[in-house]
Amino acid sequence: MPELPEVETTVNGLRTDLLGRSIVGVRVLWEKAIDRPPPPDFASRLSGQRITSLGRRGKFLLFHLEGGDTLIIHLRMTGHLGVMTPAEPLPAHVRLVFTLDDGRELRFRDMRKFGRAYLVADAREVLGNLGPEPLGDDFTAEVLRARLGKRGAPIKSILLDQRVVAGIGNIYADEALFYAGIHPKRPGRSLAAAEAERLRAAIRRVLTEAIADGGTSLDSYRRPDGSRGQHAERIAIFRKAGSPCPHCGTPIVRIVLGGRSTHFCPHCQT
Ligand SMILES: [Zn+2]
């Protein structure tokens, strides 16, 4: 499912097509794709609004609108956004269609139906609880360690908590812990300062490399133009149970932690 690098890739892929365009109409094919306001208000408030900038916060896509509102979309498990002409047949599972002033359409497709759209005057009501951006200057080892605090939960589970740090999901949590040499079951509070620094550096490394590769297309994720992200070829351990660790050759182990599939090298990660 899309994590920070996939959302960043989606935003970057949409920017040229959407920047400066106005939304002239909204077709709602599945009402529950809209979190707020109620669908009729969502459609009428969006109509005529020009997109002045696009951005990302954690795993949320942000479309800033001229009137001051922000359209926020979370792709969740299988959401996808792409710009197409009306002549292109509507694919299966399209939930929302935003018609643009150049006649083209921004289509929100979502097979599993967990994705959500929000139209808000103040983005903080949706984004307010998110932790720091892991690629931002304020994400220091001290900040990470302070946020781990006295938490006794496994570090893997803590990394998935968007209030601790925003944008990391299952793939990049496993990859970052591998590069940091930290066992996923370690209690958050047990990380020493040097380990927090290694983890911070590993998080930034895996996210930066994945963005450069256009994200990881292991499952349904595709870029806005439908192409695959290339980072799967550089994945070290995620979903590689039984394969040799790229550092030491020990077979990668898979466990379930907090209900999530978790992969690690029992030799390199302590
Ligand atoms: Zn190893």
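Computed over the Cα atoms of the range 64-103, what is the ratio Rg over Rh, Rh following Kirkwood?
That ratio is 0.99, to two decimals.
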Inset, instruction - Tell me what the chain gives for mean residue ellipticity at 222 nm when only DSSP H runs of n ≥ 4 count, each as -39,500 (n - 2.57), the sum divided by the residue total, rounded to 500 deg cm²/dmol. - result: -8000 deg cm²/dmol
Inset, instruction - Over the alpha-carbon set of the range 203-270, work out the extent along each principal axis and list the three values in angstrom, largest first. - result: 40, 26, 21
Legend entry - Cα Rg, Dmax (largest Cα-Cα span) when computed across the range 139-185, Å: 10.0, 25
Legend entry - 3J(HN,Hα) from dihedral phi, the range 61-70, Karplus parametrisation 6.51/-1.76/1.60, rounded to Hz, x for glycine, proline: 8, 10, 10, 7, 10, 4, x, x, 6, 10
Legend entry - Top positive-direction residue, dipole computed over the range 4-127 with Cβ charges, set THR78, LEU14, GLN49: THR78
Inset, instruction - Tell me which residues come under 5 Å, amide H to amide H, from ARG57 once H is placed; ignore anything under 5 positions away on its chain. - result: LEU62
Inset, instruction - Return the lysines within reach of LYS32: Cα separation strictly under 30 angstrom, same-chain partners fewer than 8 residues apart disregarded; answer none if there are no such residues. - result: LYS59, LYS113
Inset, instruction - Send over the Kirkwood Rh of the range 141-264, from the inverse of the averaged 1/r over different Cα pairs, rounded to one decimal Å. - result: 14.9
Inset, instruction - Just the number, please: Stokes-Einstein D of the chain in µm²/s, Kirkwood Rh from C-alpha pairs, 37 °C, 0.692 mPa s. - result: 168
Legend entry - For the range 13-84, alpha-carbon Rg and Dmax in angstrom: 11.9, 30
Inset, instruction - Taking H placed 1.01 Å from N in the peptide plane, check which residues at least 5 places from GLN49 or on another chain put their amide H under 5 Å from its amide H. - result: ILE23
Inset, instruction - Could you point to the residue in PHE139, PRO39, PHE63 farthest towards the positive end of the chain's charge dipole, with +1 and -1 charges on the Cβ of Lys/Arg and Asp/Glu respectively? - result: PHE139
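Going by average Cβ density within 10 Å per residue, which order do the peptides 161-173, 26-38, 74-86 take, highest to lowest?
Answer by packing, highest mean first, reads 161-173, 74-86, 26-38.
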Inset, instruction - With 5 Å bins from zero, work out the P(r) of the range 4-127 over every alpha carbon pair and list the percent per bin. - result: 2, 12, 24, 27, 24, 10, 1, 0
Legend entry - Integer Hz, Karplus 6.51/-1.76/1.60 couplings in order for the range 75-92, x for Gly and Pro: 7, 6, 7, 10, x, 8, 10, x, 9, 9, 8, x, 5, 6, x, 5, x, 5
Legend entry - Among 111-124, 147-160, the order from most to least packed when residues are scored by Cβ within 10 Å on average: 147-160, 111-124
Inset, instruction - Could you pull out every one of the aspartates and glutamates with an alpha carbon less than 12 Å from that of LYS156, ignoring same-chain neighbours closer than 8 positions? - result: ASP174, GLU175
Inset, instruction - Could you tell me the distance between the Cα centroids of the range 239-270 and the range 142-214, to the nearest Å? - result: 16
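Can you sort CYS248, CYS265 from fewest to most other Cβ atoms within 10 Å of each residue's own Cβ?
Neighbour counts put them in this order, fewest first: CYS248, CYS265.
FYI, it's all coordinate maths here, none of it is from the lab. Since the model is a prediction, treat every value here as computed from it, not as a measurement. Every residue, glycine among them, receives a Cβ derived from its backbone with ideal geometry; neighbour counts consider all protein chains shown.
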